[in-house]
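Below: one structure, written as structure tokens.
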Amino acid sequence: MQSLSFGIFYMFCASFFFAIMNAFVKVLSEDVPPLENLFFRSLFMVFFMSFIFFDKKKFIFKKGGWGKLWTRAILGAIAMLALFYNISSISLSIATTFMQSTPLYTLFFAFLFLKEKISLQNIFATCIGFIGILFICNPFGEPMAFINIIMGIISGALSALALITLKTLKEYFSNNFIIFFFGLSTTLIGGILLLLPDLNFIDNTWHQPKLQEWILLFSMGLAGTLGQHFLTKAYMSAPAGIIAPIDYTRIIWGIIFGIYLGDAFPNIQTLTGIFLITFSGLLIALPIFIHDLRRLKNAKDL
């Protein structure tokens, strides 16, 4: 049970540091384009992860996983770029909620690619979640810009695909190497895009950071690395079904940090959407939570 307590604590820390990272992105977005934020977030993550990665002797378990590793990296990079774009142009709470809709897409992709069964409860929960997405798009008032809706869907859907790919990587590489490679490949992808001529689909102009912005960029990378570190520690310390729902506290932090940075308090419609998406995610996690809790109880009784 002590391990479970540590796992819960680590998950709270992970959600907090990821929310801090998003807050730094929000501040930086006034002058630094999303693509450049992605590049520096990944670059500093590689720097911090190097101290962990090079301390490990064995990080490749068997051959054959490089294609999947690159697929995961590319999907994750696009999802993060979409998140950073939304953070720069809409409220932090809504951008975060779009990202936290990942479980809705994970169910579908797990069924499609891993042939996992979907229960009626999960189908019901998914429908509730997508109604929540509809609410935060504000169809009954001044509708959200179409590009933000698309970016929100991309951030949630591609994060889900990246997670599905991640499940198949554990037999090939260590956790630390997967994290390190994600940072390294995302740095490479971001750097190449920044060096290309003007792109129509994303702003790839270079903004020369000032001293204060360098401090914020460094802090953003540190917060993201700490979030990833605690997330890994959480899943290593406790069953996923018990700790995964805690990640929804990231939405609460998104609301708090967003208001502090100047976002308006979410209206009733947005709050309803946030609640429905969170409720659907918890409903999806409930059977796994109960199963893992019973397994822990049975192990303790033995």
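What is the sum of charges, Lys and Arg at +1 and Asp and Glu at -1, for the other residues whose Cβ falls under 15 Å from the Cβ of residue 186?
+1
For residue 97, what is the net charge nearby, where nearby means another residue's Cβ is under 13 Å from its Cβ and Lys, Arg count +1, Asp, Glu -1?
Counting the neighbours of residue 97, the net charge comes to -1.
Could you work out how far apart the two model spin labels at residue 12 and residue 214 are, taking each label as a point 7 Å from the Cα in the direction of the beta carbon, and quote it in nm?
A separation of 3.7 nm, rounded to one decimal place.
From the backbone phi of segment 149-154, what are the Karplus-calculated ³J(HN,Hα) couplings (6.51 cos²θ - 1.76 cosθ + 1.60, θ = phi - 60°) in whole Hz, Gly and Pro given as x?
Running phi through 6.51 cos²θ - 1.76 cosθ + 1.60 with θ = phi - 60° gives 5, 4, 5, x, 5, 4 Hz.
Could you work out how much longer the chain between residue 194 and residue 140 gets when fully extended? Use 0.36 nm per residue separation minus the Cα distance between them, nm to one decimal.
Once the chain is fully extended between residue 194 and residue 140, it gains 15.6 nm.
For the chain, what is the accessible area per residue in Å², given a 1.4 Å probe and the full set of protein chains?
It amounts to 50 Å² per residue over the chain.
Taking the highest mean first, how do the peptides 183-193, 106-116, 266-276 order by number of other beta carbon atoms within 10 angstrom per residue?
Ranked from most to least packed, the peptides come out as 183-193, 266-276, 106-116.
How big is D for segment 230-285, in µm² s⁻¹ as a whole number, if Stokes-Einstein is applied with the Kirkwood radius of its Cα pairs at 25 °C and 0.890 mPa s?
After rounding, the answer is 192 µm²/s.
Under 19 Å from a point 7 Å along the Cα-to-Cβ line of residue 267: which residues of segment 109-148 have their amide N that close?
Of the residues in segment 109-148, 131-148 have backbone N under 19 Å from the label point off residue 267.
Can you give me the % of accessible surface on segment 1-48 that is carbon or sulfur? Probe 1.4 Å, all protein chains present, nothing else counted.
72
If you roll a 1.4 angstrom probe over the protein chains with everything in place, what fraction of the accessible area of segment 103-174 belongs to carbon and sulfur, to the nearest %?
75
Under the rule of at least 5 residues apart or a separate chain, name every residue whose amide H is placed under 5 Å from the amide H of residue 173.
Those qualifying (amide H under 5 Å, at least 5 residues apart or on another chain) are 61.
If you roll a 1.4 Å probe over segment 175-302 with all protein chains in place, what percent of the accessible area is carbon or sulfur?
70
In Å and whole numbers, how far do the C-alpha atoms of the chain stretch along each principal axis, longest first?
Result for the chain: principal-axis Cα extents of 61, 54, 35 Å.
Can you give the helix-only mean residue ellipticity at 222 nm for the chain, where every DSSP H stretch with n ≥ 4 adds -39500 (n - 2.57) and the sum goes over all residues, rounded to the nearest 500 deg cm²/dmol?
That comes out to -26000 deg cm²/dmol.
The values are calculated or read from the model by the stated rules, or taken from the named source; none is laboratory data. As the structure is a prediction and not an experimental result, all values here were calculated from the model. Cβ coordinates were reconstructed from backbone atoms using ideal geometry, including for glycine residues, and neighbour counts include every protein chain displayed. Side chains are part of the model used for accessible areas, which takes the heavy atoms of the whole protein and leaves out ligands, DNA and RNA. Shrake-Rupley method; radii C 1.70, N 1.55, O 1.52, S 1.80 Å.
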